[in-house]
Structure formats: C-alpha cells, structure tokens
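Step one of this worksheet: look at the structure below.
Read the figures in this text as sums done on the coordinates, not as results from a lab. Computed from a predicted model, the values in this text were never measured in an experiment. Quick reminder, even Gly has a Cβ in these numbers, built from the backbone with ideal geometry, and neighbours come from all protein chains shown.
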C-alpha cells in the first residue's frame, strides 16, 4: 500500500513538474522567437535588414529547437525552420517585402503553436 | 503535457464505461479497467515510438497518466466495496437451484446458448448438472456441481430458448412444433413465448423452464431409432 502511494505520488509529481516546465519553457521560447521576428519585420519594412541579422535569428532558433523537440511536435518545428530559411534567403537577396511576409508568418506561428498547449476545450477534444 | 494527460483520462474513462456496458463476454481474465489499461498502454507506447514527429515525452506522459489512474482505481477498489462494484462490476449468478436466471443473463448481454457453451467449456453438458453457475467479474465461469449429478452419456440439445423454437434441433429430435406445444401445455405453459429454455437429451430427459419460474425435468418417449 505504502509502495503504491509513493509510486503514485512520484508519478503525479513528475507529471506536474513536467507540465509546469513545458508551459513555462514553450511559452518563453516562442515569445523570444516572436520578439525577434517582429524586430526583423520592422527592419525588413524599413529595408535595413541584413543577412547577418537574419542568420542571427535563425542560429538562435537552431539552438533553442534542440531542447524544444522534447515538447513541441516536430512538424511544427519543421514548419518554423522552413519559414525562417525562406526569410533568411529573401533577406540575403534584399527582397525585403517577401522576407517581411515570411517573418509575419513566423510571428503568427509563434502565437498559435503555444496556444495548442493550453488547457482549452478545442485542444482537448 | 497537461492536454495529453486530460485526453488520456477521458479516453480511459470512455473505454472503461464502454467495456463495462459491453458486459462480461468482452473480458478475458482481467478486471474491466485492467483490460482498458492493456489496450491503452500498447497504443500509447507504440505510436510515439514509431512516429518520430511525435515527441517521446507525449507517450511517456500519457503512460504515466494511465499508471496514475490505475493506482487510484486499484486503491479505491481495495478500500471500498461500492467503488469495487462500480469499477469492476460484480459476479452474476446466472444459474441457481431454481434454474436459469434470464434477467442476469440479459444484464450480461448473453442468452441461454452462451450459458450452455460456457458450461460445456467447464465440462458440464446439461443445465441439470449444476446447482449454481456464476460469471465472475473478470469474465471467468464458475460452477457448483450437483451432488447427485447423473452420468448421462447423451448431450442435451436446445428445443426452444427465449420464447423461440430451435427448428434444426427439433429436426434432429424428430419433434414438430405441435408436439412441443402439447408437451409444454401439459406442464401449464400455454405459449412458446413463455419458455425460457427447453432441452432434450438422447435418453428422453427434458429440462424445461418457464421464464421467471423454477425449472422441471421429466422424461418423454423418443421416437424409434432416434439417437445422439
């Protein structure tokens, strides 16, 4: 009896801490990326964005996504990878309008993906 | 992770309710909630393992959720009789000294033929061989043999069950519907619809039970040359 109570409590604690960390980590990581995407949008619209800026955002994301793979669907991560790569490529070619649209999509994804981890009716069913 | 936990709780509850509603026929030797866990764990472990686009943490947290539910249900079941009945159900006494309990059979989504089949698996061929027959909550069949059980070498066949004639078996026994009707009328049953079960063995021994009443056994004369 004591053994089952201990194992149950341990399992509940693992899940509770895991869930809390997931909520904190996923939201923080996506908030950071969204902030960087918004800066890039401003730079793209003012046509001051450089290839180095875009690469910095992408490199930052590459570091973050290694940890994120544990919590976030790999398909979502691939999608962000794709939009970021396109953003970097358009920035390199100085096609600022196209690059801005890519970063707008990234900013939107950074809002919508974490919403999928909230305890909401539409996420549960 | 919390979303997966809640989804697991919901899926588990739905499966458990469905398994309980389906009755004991769907269950092997496990309690209903143990069967649900077995079904769930296999899938939960399998999908994240084979689909690399799903983080492994999803599968682990769902399995942990199922484990927590199992521990909670087991504790509730052990500590309280009421919960035990809700979670695992209770044994069903389907055959007594009075005869077949059709209501209990119906509650478990079974009929007399299913009962006879389970009896045969346990080594009993006539309803008259047993004092009691029970379907345990884990789906097992238990039987208490009659002390004066006859060692008949002939297997009984069903002539009528649940208010309906078994025409193929009537052919084997070379009886027609009128003859059966006159036999049951002599025993005070005026409609075949009132017959719960009527069997006949190769020695001419009839087991007849009217729905809601005690069974009776008697002998009839078999036609010449009939044997099984």
Item checked: region B:1-124 - percent relative contact order, Cα under 8 Å, separation 6 or more -> 27 percent
Notebook entry, point to check: Of the residues A:24, A:51, A:103, which exhibits the maximal mean-square fluctuation in a Gaussian network model of chain A defined by a 10 Å Cα contact cut-off?
Noted result: A:24
Notebook entry, point to check: Distances over 35 Å make up what percent of all Cα-Cα pairs in the protein assembly as shown?
Noted result: 53 percent
Notebook entry, point to check: Hey, with R₀ at 25 Å, roughly what FRET efficiency would residue B:72 and residue A:120 work out to, going by the Cβ-Cβ distance, to 0.05?
Noted result: 0.50
Checklist line | Length-normalised contact order of region B:70-125 in % [C-alpha pairs under 8 Å, at least 6 apart] | finding: 15 percent
Next item on the list: List B:6, A:6 from most exposed to least, where exposure is judged by having the fewest other Cβ atoms within 10 Å.
Entry: A:6, B:6
Notebook entry, point to check: With a 10 Å Cβ neighbour count serving as the proxy for reagent exposure, in which order, fewest first, do B:162, B:224, B:51 appear?
Noted result: B:224, B:51, B:162
Notebook entry, point to check: Cα centroid distance between region A:43-57 and region A:96-123, in Å?
Noted result: 20 Å
Next item on the list: Mind telling me which of B:17, B:57, B:94 comes out most flexible in a GNM of chain B, alpha-carbon contacts under 10 Å?
Entry: B:57
Margin query: Using only the alpha-carbon atoms, how far is helix B:177-186 inclined from the longest principal axis of chain B? Give it as 0 to 90 degrees, nearest 10.
Written below: 80 degrees
Notebook entry, point to check: At 222 nm, what helix-only mean residue ellipticity would the protein assembly as shown give, in deg cm²/dmol to the nearest 500, using -39500 (n - 2.57) for each DSSP H run of four or more?
Noted result: -20000 deg cm²/dmol
Next item on the list: Could you tell me which of rounded, prolate or oblate describes region B:106-180, using a ≥ b ≥ c as the square roots of the eigenvalues of the alpha-carbon gyration tensor, with rounded for a/c under 1.5 and, failing that, prolate when a/b is larger than b/c and oblate otherwise?
Entry: oblate
Notebook entry, point to check: Roughly how tilted is helix A:96-115, in degrees to the nearest 10 and between 0 and 90, from the longest Cα axis of chain A?
Noted result: 10 degrees
Margin query: What does the C-alpha gyration tensor say about the overall shape of chain B? Classify as rounded when a/c is under 1.5, otherwise prolate if a/b is larger than b/c, or oblate.
Written below: prolate
Check: Using the count of nearby Cβ atoms within 10 Å as a rough guide to exposure, how do B:83, B:175 rank from fewest to most?
Finding: B:83, B:175
Next item on the list: Please give the helix B:2-22 orientation as an angle from the longest Cα principal axis of chain B, in degrees from 0 to 90, rounded to the nearest 10.
Entry: 0 degrees
Note to self: I need to check one value: relative contact order of region A:1-121, counting alpha carbon pairs closer than 8 Å and at least 6 residues apart, in percent.
What the structure shows: 36 percent
Item checked: Most mobile of B:188, B:163, B:202 in a GNM of chain B (Cα contacts under 10 Å) -> B:188
Margin query: Which of rounded, prolate or oblate describes region B:147-212 when judged by the alpha-carbon gyration tensor and an a/c cut-off of 1.5?
Written below: oblate
